[in-house]
Structures are given as structure tokens and as C-alpha cells.
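Note sheet for the following structure.
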Amino acid sequence: MDPTEPRVTGVMITHNRGGEVLRTLEHIHRLPDRPRVILVDNGSSDGTPATVRERFPGVRVIEAGANLGAAGRNLGVAEAGTPYVAFFDDDSWPDPGCLRHAAGTFDTCPKLALLSGLVLVGPANHEDPICAEMEASPLPTEPGMPGPALLGFLAGASVVRRDAVLAAGGFEPRFQVGGEEEVLAADLVSAGWWVCYDRAYVVHHHPSPRRSPDRRRTTVVRNALWATWLRRSIPGAVRHTARLAASWEWDAATLRGVLAAVAGVPWVLRNRRVIPRHVDAALNLLTAAPRPPARPPVPRPAGG
């Protein structure tokens, strides 16, 4: 069946989570603004590509052949033929009508490169705490922006302008999944694009039980350090590294992340590209901002 929202292609990455993929595709298939979907399979060994082709023949399946992590999205973005791309995680899906809303927002905001939305977690619709932080962003808002300005985002709850992401180089392959968004956000803003929060774009996230919290923590710690060292000035990188170290709970997972980051220093030095001063200053402003309190569950039924 042809998509009913021709401006947006959905790009989903997955690795050995065939059950979650099928559930999420069922939700997306029922959306009134159902988009064309590209599934990038990151080297699954559980038969995900064959199962998806059988159950959802309209989904374009790209077999990456290896676990590219977040960089698998780059393959989907390159393949998409629409001006906008919605990133779907294999355990999350948008509310009905949200894709059409996002496409309309991009149509009216030519400087907008990325829109990140509200994430409701689990059957109880608990708001992901990061959403309150994005909504309370202290960054200056330019006239015409559709919401608070950001220098970070949640990839699985975001819609992007395809050409802007391609020009920025997409997601860095070494980052895998976990804090992979920071460098791309900084690169988009450095190029003059807007990255914004839009609470009207709603995504339901039902976290997979197959996640490993310790492994993810290690990846997030490593990527936070790499992002800092890759893009901040040397004084800024030193200050922010100290802030990060002071904010972390030091355990075995954190230590593994730090050691992995240090092991990658030669690669970092070869690939450093310092962001403009105004972007560095904006990152410092974010670091100094207090965190808003958590919000109660949103009283609404699960979408999709």
C-alpha cells in the first residue's frame, strides 16, 4: 500500500530484536500518516530481515552485514527519496498525525534541520526526563523557531531534513548506540541549521528487555568524552571533561567507558574539528543550566 505521508520516510535500525521490530512496524502500519519505511538490519542473526520481508513486504530492508550501530541510519537516510526522515527505534513509534505535523513544520521552517519530540515511556506514559530538560533549554530562541533551541536530541524521537544530515556526514560509525547524537547536533548548529524541541511530536517508547544497562553506560561515557574531545577547544575540552568526571557515578561500567575513550585518543586527534566559539559558548550554557524536576505520567492512551 502506498504511503499516505509522501514527505517523510521512516528509518529504523535494529540488531537481533526481531520481535520488537514486528511490534513497532504493526504500530507504524496503523498510522493514518503511515510513511514509507526503511529497515536497516545491523547484522542480525535471528532472521529479522527475512521475517520482515515476509510480514511487511512494503518495507525496504537494507542488510548492513555488520553491526554499524547508529551509523546504520546513514544508510537509510541515503536511500530515502523524501525531503524529511523520521528516525524510529525498533521499540518506539510516533502518535497518529505526528509525522504530518513534523513535515508541515519543516515546510514552514527552511532553517530547521532536526526536530526532537516528547517521549512517553512504557504503558504508563511516563515522560522521559530528558524531555523536560529539552523544553527548558536555556539557549536563545531565534524568531521563527518552532520550539526551544537544542544542542542535543533523542535520535529515536526525531525527524530530520535529509539534505542537512547528509551534508553533516550523519552519525559517526565509531559511536555505535548511546550518546551518538551530540556530535551531529553540534555539526548541524555549526553549519547554521536549527535543532529544536517540539512537544507536539509525540513518540511512545517501550524499552526492549534485551538492553544491557552496564554496556550502554560504558558506551555513553566513552561517547561523551569523545564528543567533547572531538569538537571542543582544548580549554573547553579540559573543563568539560572535569565536569563529566565529577558528575558520574564511578563504577566498573564507567571505568570501562573512560578506558575505551582513552584508547581512542589517536583517532580523536586525527579527526578533531573544533566548533565555532558561539556553539562552544552555547554548550557551556547548557552545562551550567539547572535540571528541571521530573513530571508525572501523561494521562493518555498509548498511540499508534
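The values are calculated or read from the model by the stated rules, or taken from the named source; none is laboratory data. Please read these numbers as outputs of a predicted model, since none were measured by experiment. All Cβ positions, even for glycine, are placed from backbone atoms using ideal geometry, and neighbour counts span all protein chains on display.
Here residue 47 fits the description: surrounded by fewer than 23 Cβ atoms within 10 Å (Cβ to Cβ), at pLDDT 95 or above, over 21 Å from residue 160 (Cβ atoms) and out of contact with any Cys (no Cβ under 7 Å at 6 or more places or on another chain).
Quick one: in segment 258-291, which of the residues that are outside any helix (DSSP H, G or I) and in contact with a Lys or Arg (Cβ under 9 Å, 6 or more places away or on another chain) is nearest to residue 224 (Cα to Cα)? Here the answer is 264.
Being touching a Ser or Thr at 6+ places or on another chain (Cβ under 8 Å) and in a helix (DSSP H, G or I) is a property that residue 203 lacks.
Every residue, every condition in (1) within 20 Å of the chain's Cα centre (by Cα); (2) crowded, with 19+ Cβ neighbours inside 10 Å; (3) more than 16 Å from residue 180 (Cβ to Cβ); (4) of a type in the set (A, V, I, L, M, F, W, C), yes or no:
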| site | (1), (2), (3), (4) |
| --- | --- |
| 56 | no, no, yes, yes |
| 65 | no, no, yes, no |
| 78 | yes, no, yes, yes |
| 87 | yes, yes, no, yes |
| 100 | yes, no, yes, no |
| 132 | yes, no, yes, yes |
| 137 | yes, yes, yes, no |
| 156 | yes, yes, no, no |
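With 225, 255, 230 as the choices, which residue is in a helix (DSSP H, G or I), modelled with pLDDT of 95 or more and more than 24 Å from the chain's Cα centre (by Cα)? Result: 255 is the single residue among 225, 255, 230 that is in a helix (DSSP H, G or I), modelled with pLDDT of 95 or more and more than 24 Å from the chain's Cα centre (by Cα). In segment 170-199, the qualifying residues are those that are part of a helix (DSSP H, G or I) and of a type in the set (A, V, I, L, M, F, W, C), and the one that is surrounded by the most Cβ atoms within 10 Å (Cβ to Cβ) is 184.
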